[in-house]
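What follows is calculated from the coordinates using simple rules that are stated; it is not laboratory data. None of these values were measured; they are calculated from a predicted model. When we count neighbours, we look across all protein chains shown, and the Cβ atoms used for this are built from the backbone with ideal geometry, even at glycine.
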Amino acid sequence: MIRKFYCRKFTVLFLFLFSVFFVNAQTFRVHKNFVHNIDLTKESGKIELGINDSLTVVYPEEQIYLEGFAIDIKIPELAVTWRDSMAWSVFDSVTPEPNQDIIDYTGKAFLFALLPPKHSLSLIVPLKENNSIKESPYATKLETIPKTDSGYLFMRLQQVMKGTPDEFEDLKFEVTVRPILTNLGKLNLELTAPDKVSAVQQCALFIDEKPFDAAQKDFYLESGVHTLSLVSEFYRSELRTFQIDKARTTKLALNLRSIEPSLIINAPVSSTVYFDGQLLEGEIKEFTITEGEHFVKFTLGNYDVEKKFTAVKGQSYNVSLIIEAEVTEEK
């Protein structure tokens, strides 16, 4: 008889709390508010909440990488034994804006539930309507997606049953926040003209054979290997392969090359080199040449070698002096 009365009394209390949380904004006080800033590269450290503490999960500035997050709560044995003694609620905004020095808040919870009679609770909080987060028998995925305008989610723990042991005051709930990332990363593309100074002239860019606007500086792509190709009447064609990682920025710098033909000459240090009859002195580096016929002459001691070639736009040429030694065997 006493048990039935207790259950009926608790049901009335729960329904009352339910109506308060979902119909009206409430003003409440927490013992302490913990603030956790989501780091997309790792889980949070362990946060210990008491029976009347709150946790503010602050979203990163670039929310495009964040599909949602998980809040994992370890429930102590005493709270499991005294089932229906604790509840959790979540708010997508409260006033004033939460920080660790404020304990009085006003807000309307969009979710309210009792802690389950087991040793853990994992809450999955999706932040996007069309998310790919899968249901799990080991986690509770929130059906209501919180508003993200405030930049945070506010979660409150509270005791909802009287008559619990004095040890309840010292209970600690170990909490971990795990970011759930979208399958996106950013490409930061930088194009530099051949002279390093002039503005880059018109060119057509393709990622994975699909055109994109070169005026944009940042592009969001799915993680994995991609190809970039560049075609232009002013520069040589380029083809690059690059890797995109989740929630990271990949920087890709292209030093565009002039469409004018270029020449590289390789020769022993002791040789003398002439290009189109003009002596080349000092260290010989790659240099641009005109279209048409050219010749390179090498002089090494009394040994002269001359090589002719025809240069066309968009091509690079490499002329090398190769000295070979031949070994023959006579019987």
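Before moving on, here are some points about what is shown:
- Theoretical ellipticity at 222 nm over the chain - DSSP helices of four or more residues, -39500 (n - 2.57) apiece, nearest 500: -2500 deg cm²/dmol
- Local electrostatic count at Pro126 - Lys and Arg +1, Asp and Glu -1, tallied over other residues with Cβ under 10 Å: -1
- Considering only Leu142, Tyr317, Asn24, the residue lying farthest towards the positive end of the dipole of the chain is Asn24, judged by Cα position with unit charges set on Cβ.
- The amide H of Leu187, built 1.01 Å from its N in the peptide plane, has Phe219, Tyr220, Leu221, Thr250 as neighbours under 5 Å, considering only residues 5 or more places off or on other chains.
- P(r) of the chain over all Cα-Cα pairs, binned every 20 Å from zero, in whole percent: 22, 32, 20, 16, 9, 1, 0
- Listed cross-link partners Lys217/Lys251; Lys196/Lys217; Lys186/Lys251; Lys74/Lys147; Lys128/Lys217; Lys118/Lys147 are compared with a 20 Å cut-off, the Cα-Cα value being larger for Lys74/Lys147; Lys128/Lys217; Lys118/Lys147.
- Those aspartates and glutamates that a straight Cα-Cα span of less than 18 Å connects to Lys307, excepting residues fewer than 8 apart in one chain: Asp276, Glu286, Glu291, Glu293, Glu324
- Taking 1.306 mPa s as the viscosity and 10 °C as the temperature, the Stokes-Einstein diffusion coefficient of the stretch 152-249 based on its alpha-carbon Kirkwood radius rounds to 87 µm²/s.
- Where the Cα pairs of the stretch 240-331 fall when distances are cut into 5 Å bins, in %: 3, 10, 18, 16, 12, 9, 8, 8, 7, 5, 3, 1, 1, 0, 0
- For the chain, the relative contact order is 16 percent, taking Cα pairs closer than 8 Å that sit 6 or more residues apart in sequence and dividing their mean separation by the residue count.
- Dipole orientation for the chain: of the candidates Leu121, His226, Phe295, Leu121 has the Cα lying most toward the positive pole (charges on Cβ; Lys, Arg +1; Asp, Glu -1).
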